[in-house]
1. Report the paramagnetic label zone for L115: residues of the stretch 144-178 whose backbone N is under 16 Å from a point 7 Å from Cα along the Cα-to-Cβ axis.
2. Give me P(r) over the stretch 129-186, computed from all C-alpha to C-alpha distances, binned every 10 Å, as integer percentages.
3. Across the stretch 6-257, how large is the tail of the calculated P(r) beyond 35 Å, expressed as a percent of all Cα pairs?
4. If the elastic network links every pair of Cα atoms under 10 Å, which of P241, P208, P181 fluctuates the most in the Gaussian network model of the chain?
5. Using the count of nearby Cβ atoms within 10 Å as a rough guide to exposure, how do S48, S138, S144, S164 rank from fewest to most?
6. Tell me the angle of helix 250-261 to the major Cα principal axis of the chain, expressed in degrees between 0 and 90 and rounded to the nearest ten.
7. If you wrap the stretch 23-72's Cα atoms in a convex hull and average its projection over all directions, what's the area in nm²?
8. When averaged across all projection directions, what area in nm² does the alpha-carbon convex hull of the stretch 67-196 cover?
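Laboratory data are not the source of any read-out in this text; all were calculated from the coordinates shown. The structure displayed is predicted, hence computed values, not measured ones. No Cβ is skipped: glycine too gets one built from the backbone with ideal geometry, and neighbour counts run over all protein chains shown.
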Amino acid sequence: MENRPVTLITGCSTGIGFETALFLARKGHRVFATMRNLEKAGPLREASKGLDLEAFPLDVDKPASVKKAVAAALKGAGRIDVLVNNAGWGAFGALEEFSDAEIQSQYETNVFGLLRVTREVLPLMRRQKRGRILHIGSLAGKMSFAGIGLYCSTKHAVEAATESLRLEARPFNIEVAVVEPGNIRTPFKTNRRIAKVLGEDGSAYRKPLEKVLRAGNNPPPSTPGPEKVAAVVWKALRAEPMACRYPVGTDAVWLPFLRRFMPDSLFDRVLRRRYEGFQGESA
């Protein structure tokens, strides 16, 4: 039992966190699966019967909650070998129309919360002289799209934090990497928080952005599910050493590649035609 990796995962009530917690527990990890609202833990507890998985509350927005959760994991297992920073959400709307409070809320969870949990766990890993940290980033951390510019900016920040932490933690035998899912079929998109102005029909961008939102919330049947991300997390944790980035899905591989080598004039033309298509679609 003591040789089994001890893993703390944030944001496990649904989607990627849910599937990753189950996947790693099935692979022999002792999993502390955390979520903001423990009332949503029922499905995970049911699915994890017979596995070494414990669910408890952790709200990454609240420093006291982070400290309490990490302390509980440490008390239960004596160490934390793996941290998977998955908690996050997506804002949707035109960048111009987000309020200061909406911008701060998006960054509070996706950036400050991620760093808050990481800062709480790193001293433990340094004392252990080992550890692995995986951030769940996104294709949106490599390139931006209409309607999700605020969310994309937080994921760009995660990319930068990963590279820095990777170098800083290396002398302590701690490895850091980011997993970059492309389009994945999870409740994440339907749970996006719409900018207040857009939700109240006061947006100058309402017509095209509503169609962008509708298209994003209805992915094609071929879109992979969160279990594919969980499998890549497992692949990363088994790697010696871990790579810096792990894209998930063909779009997460090819779109950044095309963006990098496609001239701006051509890329702008492609995006303009796509955006005009949304404007011309019937409601």
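1. The answer is 153-169.
2. Histogram of Cα-Cα distances, whole percents per bin: 24, 45, 23, 8, 0.
3. Details: 3807 of 31626 pairs.
Cα-Cα pairs in the stretch 6-257 separated by more than 35 Å: 12 percent.
4. P241
5. Details: S48 20, S138 29, S144 17, S164 11.
Least crowded to most crowded, the residues run S164, S144, S48, S138.
6. 60
7. Values: hull surface 14.1 nm².
Reported value for the Cα convex hull: 3.5 nm².
8. Details: hull surface 33.9 nm².
With the hull built on Cα positions only, its mean projection is 8.5 nm².
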